[in-house]
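Student: Take a look at the following structure, please.
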Amino acid sequence: MVGVNSGKFPAIRQHLQENIGNVYKDMDTSCVITSVLLVLGQPPISFEEFPKDGNVDPEAYCLTLLDKVAIDQMSPGDAIIVFTPDSDLYAIERGIHVLVTKPATKLLSHHNELIAAARKHNVVCFVEHHKRFDPVYSDAKARAQALGEFNFFNAWMSQPKSQLETFRAWAGKDSDISYYLSSHHIDICCWILQDKAIPTRVVASAATGIATGEPYNCVPQTEDTITLLVDWQSIESSGHKGTAVYTASWTAPLKAGVHSAQHWYYMGSKGDINVDQAHRGYDITVDETGKTWYNPFYMKYSPSESGHFDGQRGYGYISIEKFVDAAREVNAGVAKPSDYDGHGYPTIANTVLTTAILNAGRISLDEKRAVGIMKSGNEWILE
């Protein structure tokens, strides 16, 4: 595990012990993985930390400690979960399979670089768009194929204002709420419309004033809520055009009972789909805390009746499991990385339009203009 400040690792180890070791049977968090970040087949409940001995390395996310000490200890065919594009590229170039946290990159040009590198070095590169493995979303995606030409998509996703305290170190500086939250539903929309329609134009709008005020005090450029309006062109019919609205906010009320509001609506020429994944028909009310809507479909944290971990059926778990399975299959020679582009998995190749829309939205906000999306040869570019 690599971070800027190794002083945080004792608290992380304590967290693992309290929430894994003390909760589930036969989960030993005291063992130490000494040679790699994550070896296929090893339980990811312990780690070797970089940097060590309480040191602070402000460049740890920018290819100093991470690549030279940690990645260099790995071997081709190993697997890694990474958060930064430079580190992804460094690992890929060494034949290491990579799972990238969503969205893959902030810039479309960087996403294209990762696509080319993964193909060149014959490695699996997935993006952790776990909503593709939500059974409701995947079923809705399949049913949307029978609803004719695409007409309209509207998505809303939000988290409470307390997230601004959690993410104050990077909110508005390194990324925004659209990248962080709208990436979920933009990817789902792109997945539904794969081979049906392509995005052509993005216009963005934002609300401000909460994140930058008391008590959150985020940097002045931090937006509260961001909306992207995207034009889509049918691939089959030049006369059919669709429109999509993707909105995300981290300034929702503090005591709404759900951590992430997740709603979307899809309309085709022959029918529509309406999804509410914030409530799921399951709520619990406690005297001290009030009503809460839980989501065990993402991860079931309560132990099994035997006391063991019981979250293997959650789509948050499955999204990582599918990546590890793919890496194993490629290592065994029974599959090629390109095979997974056609399986509906969030590979680096078939998530490129998600990055294109997000990048175009950021440019639209910064430059106050519409941004076009088009294909130049085999690459998607912005104009």
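Student: Quick one: in region 322-359, of everything that is more than 21 Å from the chain's Cα centre (by Cα) and under 30 Å from Met374 (Cα atoms), which residue is surrounded by the most Cβ atoms within 10 Å (Cβ to Cβ)?
Tutor: Kept after step one, since they are more than 21 Å from the chain's Cα centre (by Cα), are these residues of region 322-359: 328-336, 339.
Narrowing further to those that are under 30 Å from Met374 (Cα atoms): 336, 339.
Details: Lys336: 12, Asp339: 15.
It comes out as Asp339.
Student: Of Tyr61, Tyr90, which residue is at pLDDT 85 or above and hydroxyl-bearing (Ser, Thr, Tyr)?
Tutor: Tyr90
Student: Moving to a separate point now. Which of the residues belonging to region 209-244 are within 17 Å of Arg362 (Cβ to Cβ), surrounded by fewer than 18 Cβ atoms within 10 Å (Cβ to Cβ) and among the aliphatic types (A, V, I, L, M)?
Tutor: If the condition is that a residue be within 17 Å of Arg362 (Cβ to Cβ), surrounded by fewer than 18 Cβ atoms within 10 Å (Cβ to Cβ) and among the aliphatic types (A, V, I, L, M), then Val219, Leu229 are the ones that fit.
Student: Examine region 177-199 for a residue that is more than 22 Å from Asp231 (Cα to Cα) and touching a strand residue (DSSP E or B) at 6+ places or on another chain (Cβ under 7 Å), and state whether such a residue exists.
Tutor: Taking region 177-199 first, the residues more than 22 Å from Asp231 (Cα to Cα) are none.
No, region 177-199 contains no residue that is more than 22 Å from Asp231 (Cα to Cα) and touching a strand residue (DSSP E or B) at 6+ places or on another chain (Cβ under 7 Å).
Student: Give region 253-272 a look and list any residue that's among the aliphatic types (A, V, I, L, M) and within 20 Å of the chain's Cα centre (by Cα), or say none.
Tutor: Passing the criteria: Val258, Ala261.
To keep it simple, each residue is scored yes or no on (1) under 30 Å from Asp366 (Cβ atoms); (2) out of contact with any Pro (no Cβ under 7 Å at 6 or more places or on another chain).
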position: Val98; (1), (2): yes, yes
position: Glu113; (1), (2): yes, yes
position: Ala118; (1), (2): yes, no
position: Val127; (1), (2): yes, no
position: Phe133; (1), (2): no, yes
position: Val136; (1), (2): no, yes
position: Phe152; (1), (2): yes, yes
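Student: Report whether or not Asn217 is of a type outside the set (Asp, Glu), more than 30 Å from Met27 (Cβ to Cβ) and part of a loop (DSSP other than H, G, I, E, B).
Tutor: Judged against the criteria, Asn217 is a match.
Student: Cβ-Cβ below 6 Å, separation at least six or inter-chain, first residue in region 358-375 and of a type in the set (S, T, N, Q), second part of a helix (DSSP H, G or I): which pairs?
Tutor: Asn359/Leu108
Student: Between Glu321, Glu329, which is closer than 24 Å to Trp191 by Cβ, charged (D, E, K, R) and touching an Asp or Glu at 6+ places or on another chain (Cβ under 9 Å)?
Tutor: Numbers: Glu321 fails: touching an Asp or Glu at 6+ places or on another chain (Cβ under 9 Å).
None of the other options fit; the residue is Glu329.
Student: Looking at region 165-182, can you tell me whether even one residue there is surrounded by 24 or more Cβ atoms within 10 Å (Cβ to Cβ), among the small types (Gly, Ala, Ser), in contact with a Phe, Trp or Tyr (Cβ under 9 Å, 6 or more places away or on another chain) and in a helix (DSSP H, G or I)?
Tutor: yes
Student: Being in a strand (DSSP E or B) and touching a His at 6+ places or on another chain (Cβ under 7 Å) is the filter; apply it to region 131-159 and report the residue that is farthest from Gln194 (Cα to Cα).
Tutor: Selected residue: Gln159.
The values are calculated or read from the model by the stated rules, or taken from the named source; none is laboratory data. Note that the structure is predicted; figures quoted are calculated from it, not measured. Note: ideal-geometry Cβ built from the backbone for every residue, glycine included; neighbour counts use all protein chains shown.
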